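Just below is one structure, and these are the notes that go with it.
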2 protein chains.
Amino acid sequence: MLLAIGYFSYYRLSTVDNQLITSFTEENYLKIIYLLTERHNGNEVSTNQLAEHTQTKAASVSDMLRKLAEKNYINYRKYQGVTLTEAGEQIALGVIRKHRLWEVFLVEKLGFGWDEIHDIAEQLEHIDSKELTKRLDDFLENPKFDPHGDPIPDAKGKMPSVSYQKLSEIPLNQSVVMMGVSVHSPAFLQHLDKQQITLGCDLKVLEISDFDKSYGLLLNNKIRLFVSNEVARNLLVQVSNA
Amino acid sequence: MLLAIGYFSYYRLSTVDNQLITSFTEENYLKIIYLLTERHNGNEVSTNQLAEHTQTKAASVSDMLRKLAEKNYINYRKYQGVTLTEAGEQIALGVIRKHRLWEVFLVEKLGFGWDEIHDIAEQLEHIDSKELTKRLDDFLENPKFDPHGDPIPDAKGKMPSVSYQKLSEIPLNQSVVMMGVSVHSPAFLQHLDKQQITLGCDLKVLEISDFDKSYGLLLNNKIRLFVSNEVARNLLVQVSNA
DNA sequence: ATATATTTTTAGATTAGTCTAAAATTTTGT
DNA sequence: ACAAAATTTTAGACTAATCTAAAAATATAT
């Protein structure tokens, strides 16, 4: 809600009868519940997991879950974990859409590296303006994926389904295209940068070392390199259709 | 402060020992104090004025002033109003810089009208990233003024001084250039749009009506039109040097 | 110059989101 | 299957930012 009197004005979170409709905090919880549920193929998310990912204590999470359940954003049975209701999922997807669109903006328009954008997008994802999101989407030419390869939910609140495999699950000598990463830490992304592993590059597993289970790869049909098992498990790829 | 564990992360306002360094609320108070002080040519801002512009009660303002004074962001003598300290002014100018840069972005890049951007900029001005502000500034080609003609403080925290006059103070038949507005309400801005009065246009006062003190103008040396006294007092202009 | 009106501050309460400690529930291991 | 371990919830407390009502200070008006 924007309050304007005379020349200036003052932004406060939207309220109805002095109660927040959806606070930043609630949005964060819903987003994290969505992402963790997705990761578990739709299974409930536990209180402790949420405490870990929100950087709070389990007691605080319990309180918030009670509140989110009251607002019908989550399905919550005590001690049994939570899933999102349709309403909760729509809020989560809206936040994720904004997060990923802003990430595209930061990389494509402002020239940030894919390892530098997460913190900023964590803030921008809470900016509340339907029209802004729409215009930003058009300005960016309606991107379908963010700079980490994650799909961007559409304006109607639908998450495109993607089916990537881990590089570690691909048979030897199968050509694949690098489509995403399952870890977004700056350290991991910078590590990939140093080896010129980028979204869209061609990869082929030539061997898996007996010594340390590292992966010997052929990059873009030219460059031979080794990546650790850890790296191979966090690269998301798709079998080339060419 | 961004907290990251594993795949996700979670944004909370920056804290030191669990105390906010500068909350959105504090930033808003400091910004409003700056703008009101500027309007009064450096005189103290009163509690009631702040209550009006923050849309809160005087009691709440008193509390906040005590807190801001404790942090040495304002000079506060009870019952005597406040001014900003150097530290407080730097925070205010940082917020105003971001606000105005984002306004340029919204108009120049996303095609918003100058009457639609204020509410969104009120949110964006609190995004906390030095690097983002720097890159946004470059992306916009280091604009010196926002879409309302207000000067943009530089990265060092210096507000450019501008000296505009109200159209209502300009002698008859003096050619001037429209440089800004002293009211930012959508209604006023849309009213100007309808008469094709835009930043940079040429204006000349041909007459002031005896009947209703309205202003008969020549716009861009072509179009004759009348604007109310109220409009003339809120148009900021500069004598043409051509 | 002093009574009245206005402005500002203080006192005490409320809400969102967090915490620690303790109680309740579920899971695990033998 | 049941005791021990782990997880989750509840209870009670704290902080930031707000509120209303009352007290204190300042300004105003005859």
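The values are calculated or read from the model by the stated rules, or taken from the named source; none is laboratory data. As the structure is a computational prediction, the values presented were derived from the model and not from experiment. Cβ placement follows ideal geometry from the backbone for every residue including glycine, while neighbour counts extend to all protein chains displayed. Heads up: the accessible areas ignore ligands, DNA and RNA and are worked out on the full protein's heavy atoms, side chains in. Shrake-Rupley method; radii C 1.70, N 1.55, O 1.52, S 1.80 Å.
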Worksheet, complete the sentence: Given the conditions (1) within 12 Å of DNA strand D (Cβ to nearest atom); (2) buried (at least 16 other Cβ atoms within 10 Å of the Cβ), every one holds for A:E89 apart from (1)
Worksheet item: Within the stretch B:136-159, is there a residue that is modelled with pLDDT of 95 or more and touching a Ser or Thr at 6+ places or on another chain (Cβ under 6 Å)?
Response: no
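Here is a yes/no grid of residues against (1) free of Cβ contacts under 8 Å to residues at least 40 places away in the same chain; (2) surrounded by fewer than 16 Cβ atoms within 10 Å (Cβ to Cβ):
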{"residue": "A:Q195", "(1), (2)": "yes, yes"}
{"residue": "A:G200", "(1), (2)": "yes, yes"}
{"residue": "A:K204", "(1), (2)": "yes, no"}
{"residue": "A:D210", "(1), (2)": "yes, yes"}
{"residue": "A:R224", "(1), (2)": "yes, yes"}
{"residue": "A:A232", "(1), (2)": "no, no"}
Practice prompt. Find the residue count for the stretch B:45-69, including only residues that are open to solvent by 20 Å² or more (accessible area, probe 1.4 Å), within 11 Å of DNA strand D (Cβ to nearest atom) and within 14 Å of chain A (Cβ to nearest Cβ).
Written response: 5
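Every residue, every condition in (1) within 22 Å of the chain's Cα centre (by Cα); (2) among the aliphatic types (A, V, I, L, M); (3) at positive phi, yes or no:
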{"residue": "A:E141", "(1), (2), (3)": "yes, no, yes"}
{"residue": "A:L167", "(1), (2), (3)": "yes, yes, no"}
{"residue": "A:V176", "(1), (2), (3)": "no, yes, no"}
{"residue": "A:C201", "(1), (2), (3)": "yes, no, no"}
{"residue": "A:K204", "(1), (2), (3)": "no, no, no"}
{"residue": "A:E207", "(1), (2), (3)": "no, no, no"}
{"residue": "A:S214", "(1), (2), (3)": "no, no, no"}
{"residue": "A:N221", "(1), (2), (3)": "no, no, yes"}
{"residue": "A:S240", "(1), (2), (3)": "no, no, no"}
Worksheet item: On the given criteria, is B:S168 surrounded by 13 or more Cβ atoms within 10 Å (Cβ to Cβ) and either in a strand (DSSP E or B) or more than 14 Å from chain A (Cβ to nearest Cβ) (or both)?
Response: yes
Discussion item. Quick check on my filter: what residues within the stretch B:40-69 are in a helix (DSSP H, G or I), free of Cβ contacts under 8 Å to residues at least 40 places away in the same chain and in contact with a strand residue (DSSP E or B) (Cβ under 9 Å, 6 or more places away or on another chain)?
Written reply: B:T47, B:L50, B:E52, B:H53, B:T54, B:L65, B:R66, B:A69
Discussion item. Is it the case, given these coordinates, that A:L35 is facing chain B (nearest Cβ under 8 Å), at pLDDT 90 or above and surrounded by fewer than 20 Cβ atoms within 10 Å (Cβ to Cβ)?
Written reply: yes
Item to complete: Give, as residue ranges, the helices (runs of 4 or more DSSP H) completely inside the stretch B:70-150 that count at least 2 residues that are more than 10 Å from every other protein chain (Cβ to nearest Cβ).
Response: B:86-104, B:130-139
Discussion item. Here's a check for you: in the stretch B:1-32, which residue that is touching a helix residue (DSSP H, G or I) at 6+ places or on another chain (Cβ under 7 Å) and at pLDDT 85 or above is nearest to DNA strand C (Cβ to nearest atom)?
Written reply: B:Y29
Worksheet, complete the sentence: The condition from (1) under 16 Å from A:Y34 (Cα atoms); (2) in contact with a strand residue (DSSP E or B) (Cβ under 7 Å, 6 or more places away or on another chain) that A:N173 misses is numbered (1)
Worksheet, complete the sentence: Those residues of the stretch B:171-190 which are surrounded by 15 or more Cβ atoms within 10 Å (Cβ to Cβ) and either of a type in the set (K, R) or more than 14 Å from chain A (Cβ to nearest Cβ) (or both) amount to B:S175, B:V176, B:V177, B:M178, B:M179
Worksheet item: Quick check: is even one residue across the stretch B:215-228 within 30 Å of B:F24 (Cα to Cα), in contact with a Leu (Cβ under 9 Å, 6 or more places away or on another chain) and not basic (K, R)?
Response: no
Worksheet item: Can you name the condition, by its number, that B:F139 falls short on among (1) within 23 Å of B:S161 (Cβ to Cβ); (2) free of Cβ contacts under 8 Å to residues at least 60 places away in the same chain; (3) more than 13 Å from DNA strand D (Cβ to nearest atom)?
Response: (1)
Worksheet item: Inside the stretch B:26-44, can you point out the residues that are away from DNA strand D (no atom under 14 Å from the Cβ) and aliphatic (A, V, I, L, M)?
Response: B:L35, B:L36
